[in-house]
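Report on one structure; see the data block that follows.
The values are calculated or read from the model by the stated rules, or taken from the named source; none is laboratory data. Predicted, not measured: the structure shown is a model, and the values here were computed from it. No Cβ is skipped: glycine too gets one built from the backbone with ideal geometry, and neighbour counts run over all protein chains shown.
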Amino acid sequence: MSHLELAFVGSGNAFAPGGLCWNGFVLDGRFLFEAPPQALMSLNRMGIDPNALDAVVLSHHHGDHFLGLPFIMLHWKYFGRSRPAAIVGPPGTRELATAIGRSVYPGLFDLSYELRWFELEDGDVVELEGLHIRAHRVEHDTRLSLNLGFSCRLGDRFFSYTGDTGLCDAVLAMAGESELVVAECSSVDERVPIHLNLVDDIPRIREAMPPDSRLILTHVTPAVSVTHLANTLVARDLERYRV
Ligand SMILES: [Zn+2]
């Protein structure tokens, strides 16, 4: 069985608590899930070539998940990208990314490579260079266009990513069929309806998962430092995990 490698460009929630980098991770060096503001800096520190990315996959449009995209594209533009790239996200991603990108770096969208956009609704499926992604509507900021979690298959491996969400049926269903779940865990015991916490919600997700599957917590605060749940760990900034 093949492995999945996850490299975390950051592990913190929106407030960058304790100086944590904002959450995001690279799957197998090719798929960047989330584009937090420091994503390009973290990729460079970790020795991951931004031009090797096949796609950026965005769960929703909050700034800690989205505002690093212009820097990624800046690298692509000026450091020789020629291969096609894909950007995946909720409806409105292209319009928002274009407006922001053109405002902060005029010329950013004068491209020397093909850029493909995939805006996904609940239940939509897309295949990107061998990565099959199914989008699921999750329960987060209803003022945004749509908030997504993703269930994915890469080769013979199945994993899912919650995005930002409160505990909901979509998350539990994804957990039940995954060998690996990357879940947000924004607090220890504070109950915020649009987020998951460590003491109430994460055990429910763990229970829904196959016992030998792995759970990685991210989008955390430093207080979410350890967990005694089986096969569960807390992601660290700039760390790699092989599952
Ligand atoms: Zn959010």
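Checking the structure you have, find out if any residue of the stretch 71-86 is without any contact (Cβ under 8 Å) to a residue 60 or more places away in the chain and within 16 Å of the ligand (Cβ to nearest atom).
no
Is it the case that the stretch 177-190 has a residue that's over 23 Å from Gly10 (Cα atoms) and away from the ligand (no atom under 16 Å from the Cβ)?
Yes, the conditions are met somewhere in the stretch 177-190.
So which pairs qualify, if the first residue must be in the stretch 185-207 and surrounded by fewer than 19 Cβ atoms within 10 Å (Cβ to Cβ), the second must be not in a loop (DSSP other than H, G, I, E, B), the Cβ gap must be under 8 Å, and the two must be at least 6 apart or on different chains?
Val188/Asn197; Asp189/Asn197; Glu190/Asn197; Arg191/Asn197; Arg204/Leu172
Filter the stretch 11-58 for residues that are at positive phi, touching a residue at least 60 places away in the same chain (Cβ under 8 Å) and touching a strand residue (DSSP E or B) at 6+ places or on another chain (Cβ under 7 Å) and give the result.
Of everything in the stretch 11-58, just one residue is at positive phi, touching a residue at least 60 places away in the same chain (Cβ under 8 Å) and touching a strand residue (DSSP E or B) at 6+ places or on another chain (Cβ under 7 Å), namely Asp28.
Give the stretch 131-172 a look and list any residue that's more than 14 Å from the ligand (Cβ to nearest atom), touching a Ser or Thr at 6+ places or on another chain (Cβ under 9 Å) and part of a loop (DSSP other than H, G, I, E, B), or say none.
Gly155, Asp156, listed by residue number.
Among the residues of the stretch 159-174, write down those that are over 21 Å from Leu58 (Cβ atoms) and hydrophobic (A, V, I, L, M, F, W, C).
Leu167, Leu172, Ala173
Checking the conditions here, which among Leu40, Leu20 is within 16 Å of the ligand (Cβ to nearest atom) and either in contact with a Pro (Cβ under 8 Å, 6 or more places away or on another chain) or at pLDDT below 95 (or both)?
Checking each option against the conditions leaves just Leu20.
Any chance the stretch 231-238 includes a residue that's within 16 Å of the ligand (Cβ to nearest atom) and without any contact (Cβ under 8 Å) to a residue 60 or more places away in the chain? Outline the logic, then answer.
Going residue by residue through the stretch 231-238, those that are within 16 Å of the ligand (Cβ to nearest atom) are none.
No, there is no match, as no residue in the stretch 231-238 is within 16 Å of the ligand (Cβ to nearest atom) and without any contact (Cβ under 8 Å) to a residue 60 or more places away in the chain.
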